[in-house]
Amino acid sequence: MAILKKINNKAKADNNSGFGTNANSYGGRFVNKNGTANIEKRGMHLLRRISWYHTMIDMPNWKFMSILFTFYIAINFIFAIIYYAIGIEHLDGISASGSVLKQFGQAYFFSAQTFTTVGYGHISPTGFLTSALSAAEALIGLLSFAIATGLFFGRFSKPTAFLKFSHNALISPYGEGKALMLRLVPFKNTNFTDANAKVTLGMSIEEDGKMTNKFYALELELDHINALSLSWTLVHPITENSPLHNFTEEDFKKIHGEILVFITTFDDMFSNTVAARTSYTFDEIVYGAKFETMYERSKNGSKTILHLDRLNILNPTNFI
């Protein structure tokens, strides 16, 4: 009940968060730092509850390329084993007098040439089984490369919000009081317009003897801008109407809470609206600091320089 007393009675709860109210059913944070929901789905077979297409589109580039190369090497290895099992004598061009390793290596590279439909002609299949297998492998190769091409296109064409958020949110001096601040910046050569921000406070508190999730929409100084070209600091003034009005530095250290951030903006490159999400737990909030300015005028005065490496640079400050 002590936490309830900290929350301003003037603050209205947000019942449209989509996270539910039963705190006993939740573990950890609501939203991960990368914007994904902190949820693990069970109760259905893995292949049914995971979209392989979304998984391949969203995974990091190094993992995507590793899977492609691993699949290419593995499937050719399997076909090489089958070719070798049928008999090397059915692959015209492979010398029967060579070592087993050399013969298998030639069968592997014949498989690779068939799979990619290159067909150098140095080795050719003879007999029905070998010819049928090579024909089937060529078809599988064509289908595999068609799928890989589609995935490459999907990864490059996927509308993505190229926005980076600051590692920490801050409680900073603001006017005659203080405010919750967090910062974001576009980090690629994109043109963002019509940007909108929504920030929600989520806390697990005890109410009537049971743990309950409570969410409060935090009013921002500015929740919409026409163009997002420079850094954007989202500011929630902690006034008497704010649910954080009575919170002290010690409260942020003791109370389990989370700041949920949702950004939508229009990207001219994709001609589509893109979205980005992140969250800050209370232990990721720095009390008594300000962000360092990220942009400045160029030396000749003709451009504005945006320093992306200053996104997380903080300057300590004292409250008056």
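The values are calculated or read from the model by the stated rules, or taken from the named source; none is laboratory data. As the structure is a prediction and not an experimental result, all values here were calculated from the model. Glycine gets a Cβ as well: all are built from the backbone with ideal geometry, and neighbour counts include every protein chain shown. Only protein heavy atoms, including side chains, enter the accessible area calculation; ligands, DNA and RNA are left aside. Shrake-Rupley method; radii C 1.70, N 1.55, O 1.52, S 1.80 Å.
Taking the DSSP beta bridges in the stretch 245-314 as the whole, what percent of them are antiparallel, to the nearest 5?
Bridges in the stretch 245-314 are about 100 percent antiparallel.
Just the C-alpha atoms of the chain: what Rg/Rh do they give, with Rh taken as the Kirkwood radius?
Computed over Cα atoms, the ratio is 1.18.
Using the alpha-carbon centroid of each, what span in Å lies between the stretch 33-101 and the stretch 234-267?
With the stretch 33-101 and the stretch 234-267 each reduced to a Cα centre, they are spaced 46 Å.
In Å², and per residue, what accessible area does the chain have when probed at 1.4 Å with the other protein chains present?
Per-residue value: 59 Å².
Give the residue from 115, 59, 175 lying farthest towards the positive end of the charge dipole for the chain; charges sit on Cβ (+1 for Lys and Arg, -1 for Asp and Glu) and the dipole is referred to the Cα centre.
Projecting each Cα onto the dipole axis, the largest value belongs to 175.
Can you tell me what share of the DSSP beta bridges in the chain is antiparallel? A percent to the nearest 5 is fine.
95
Could you calculate the contour length gain from residue 254 to residue 158, that is, 0.36 nm times the residue separation minus the distance between their Cα atoms, to one decimal place in nm?
Full extension of this stretch gives 30.5 nm more.
Extension gain residue 78-residue 59, at 0.36 nm per residue separation less the Cα-Cα distance, in nm?
Residue separation times 0.36 nm, minus the Cα-Cα distance, leaves 4.2 nm.
Estimate the FRET efficiency between residue 51 and residue 118 by the formula 1/(1 + (r/R0)^6), using the beta-carbon distance for r and 35 Å for R0, to the nearest 0.05.
The computed FRET efficiency comes out at 0.60.
Looking only at 125, 173, 186, which one moves most when the chain is put into a Gaussian network model with springs between Cα atoms under 10 Å?
125
Could you tell me whether the stretch 152-245 comes out rounded, prolate or oblate from its Cα gyration tensor? Rule is a ≥ b ≥ c as square roots of the eigenvalues, rounded for a/c under 1.5, then prolate if a/b exceeds b/c, otherwise oblate.
oblate
Using θ = phi - 60° and the Karplus curve 6.51 cos²θ - 1.76 cosθ + 1.60, what whole-Hz ³J(HN,Hα) does each residue of the stretch 87-94 get, with Gly and Pro shown as x?
Residue by residue, the stretch 87-94 yields x, 4, 5, 8, 10, 5, x, 8 Hz.
Taking the Cβ of residue 307 as the center, what net charge do the other residues with Cβ under 11 Å away carry, scoring Lys and Arg +1 and Asp and Glu -1?
-2
Say we join alpha carbon atoms closer than 10 Å with springs in a Gaussian network model of the chain; which of 126, 248, 281 then has the biggest fluctuation?
For the chain, modelled as a Gaussian network with Cα springs under 10 Å, the answer is 126.
Give a residue-ordered list of calculated ³J(HN,Hα) values for the stretch 185-199 (Karplus: 6.51 cos²θ - 1.76 cosθ + 1.60, θ = phi - 60°; whole Hz; x for Gly, Pro).
Once θ is set to phi - 60°, the couplings for the stretch 185-199 become 8, x, 10, 10, 7, 10, 10, 9, 10, 6, 8, 10, 10, 9, 10 Hz.
Would you mind calculating the gained length between residue 303 and residue 239 on full extension (0.36 nm times residue separation, minus the Cα-Cα distance), in nm to one decimal?
19.3 nm
Suppose a student asked you for the relative contact order of the chain, using Cα pairs under 8 Å spaced at least 6 residues apart; what percent would you report?
Across the chain, relative contact order equals 22 percent.
Which of the residue pairs 33/198; 178/253; 164/299; 63/158; 188/303 have a Cα-Cα distance greater than 19 Å in the structure shown?
164/299
Rounding to the nearest 20 debye, state how big the charge dipole of the chain is about its Cα centre with +1 on each Lys and Arg Cβ and -1 on each Asp and Glu Cβ.
Value, rounded to 20: 120 debye.
Sequence-distant or interchain residues sharing an amide H contact under 5 Å with residue 218, placed H: which?
Long-range HN contacts for residue 218: 199, 200, 201.
Could you please put 232, 62 in sequence from largest to smallest accessible area, using a 1.4 Å probe?
62, 232
Just to check I understand the Karplus step: with θ = phi - 60° and J = 6.51 cos²θ - 1.76 cosθ + 1.60, what whole-Hz values come out for the stretch 287-294, glycine and proline as x?
Per-residue couplings from phi come out as 8, x, 8, 10, 6, 7, 4, 8 Hz.
Consider a paramagnetic label point 7 Å from the Cα of residue 230 along Cα→Cβ; state which residues of the stretch 273-302 have an amide N under 15 Å from it.
Only 291-299, 301-302 pass the distance filter.
Which cross-chain or sequence-distant (5 or more) residues have an amide H under 5 Å from the amide H of residue 206, H modelled 1.01 Å from N in plane?
For residue 206, the qualifying residues are 212.
Non-local amide H neighbours of residue 278 (under 5 Å, H modeled in plane, Pro and chain starts lacking H): which ones?
Those lying under 5 Å, H to H, from residue 278 are 261.
Using a 1.4 angstrom probe on heavy atoms only, work out the carbon and sulfur share of the accessible area of the chain in %.
Using a 1.4 Å probe with all protein chains present, the chain comes out at 57 percent carbon and sulfur.
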